[in-house]
1. Using alpha carbons only, what's the Rg to Rh ratio of region 32-74 with Rh from Kirkwood?
2. Show me the ranking of peptides 151-157, 88-94 by mean Cβ neighbours inside 10 Å, starting with the highest.
3. If ligands, DNA and RNA are left out, what is the accessible area of K254 with a 1.4 Å probe, given in Å² to the nearest 10?
4. Treating region 1-62 as a set of equal point scatterers at the Cα positions, no solvent, please give the Debye-formula log₁₀ I(q)/I(0) at q = 0.16, 0.17, 0.21 Å⁻¹.
5. Would you list the P(r) distribution for region 103-211, with all Cα-Cα distances sorted into 10 Å bins from 0 and each bin expressed as a whole %?
6. Keeping every protein chain present and rolling a 1.4 Å probe, give me the accessible area per residue for region 1-122 in Å².
7. Is the C-alpha gyration tensor of region 45-145 telling us rounded, prolate or oblate? Criteria: a/c under 1.5 is rounded; beyond that, a/b larger than b/c is prolate, otherwise oblate.
8. What length, rounded to one decimal in nm, is gained on full extension from R248 through to D113, with 0.36 nm per residue of separation minus their alpha-carbon distance?
Amino acid sequence: MIAVVHLVWAPLGPQPLRRFLRSHREHPPGAEHELVIVLNGAGADGDLRTSLLAELDGVAHRLIEPPRPLQDLAAYHAAASALEHERVCFLNSYSVVRAAGWLGLLATALDQDDVGIAAASGSWESQAEWVRGALRWWPLQLLRLRAARRDYPRFPNPHIRTSAFMLERTLLLQLGLERAVDKHAAYLLESGRRSITRLLLERRLRALVVGRDGRSYDVADWADAATYRSGGQRNLLVADNRTADWERARPALKRRLSLDAWGKEATHAAHRAPS
């Protein structure tokens, strides 16, 4: 059985959990699974914990509560260590399912030869590149750029986005997610020089993005997948706060974000629908 692990960051309140549970209920997953809720960061706030648990009334699930607040990737590692499932599918606190059969599509992609990870989205973006924006932020960018170029590969920097992804549980436990002790460490694990994706590619395992069209996209084809900042995101299986930000953005900002994700040679993919 697959464990679908949804991370609940308690300080966000019940609304994100409510949205996820509604989307989970309205979109049949297409694969047998156990829903695992990681209640992270409730602490001693009894009222907050009670309000979150109330959202789970009548929902079949397993509850995991870390003894202290954890960064998202460290919380994933803690959950995987406590589970016994063969595969784990992680969904962050902002996840909203968009398509029926979403879990089955991820599982089918992972069944392919030499696949290490299957995800709802990926990006080629690099924090080591100059980020365009308001002139007042340029001095701060200059100060940070040298450190960023030490820690992150230059563009293109393919990496699976860790908002929604599936892999073998035993493999995940070998990737060092427990090192995500703060946000910077989590960013490095997602897109740094020793990112999850790069560690898997070094093992000659493929990293796939999966669309609601049922197709699996290798790294070179991610820009054409229409799942993240391209193709109107029409092919996205699981949305999150960043995909929502892109959809709400004005055209100029949307173009800039697409350029950051895919570069000049791929910006034509930003507005076309998947074939």
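1. 0.99
2. Taking the mean over residues of other Cβ atoms within 10 Å, the ranking is 88-94, 151-157.
3. 40 Å²
4. Results for region 1-62 at q = 0.16, 0.17, 0.21 Å⁻¹ read -0.51, -0.57, -0.84.
5. 14, 42, 29, 12, 3
6. Counting only protein heavy atoms, the per-residue value for region 1-122 is 42 Å².
7. It is oblate, given that a/c is not under 1.5 and a/b is not larger than b/c.
8. Values: separation 135, 0.36 × 135 = 48.60 nm, distance 3.75 nm.
My answer for the length gained is 44.8 nm.
The values are calculated or read from the model by the stated rules, or taken from the named source; none is laboratory data. The structure displayed is predicted, hence computed values, not measured ones. Heads up, the Cβs are rebuilt from the backbone with ideal geometry, glycines too, and the neighbour counts pull from every protein chain shown. These area figures cover heavy atoms from the full protein model, side chains too; ligands, DNA and RNA do not enter into them. Shrake-Rupley method; radii C 1.70, N 1.55, O 1.52, S 1.80 Å.
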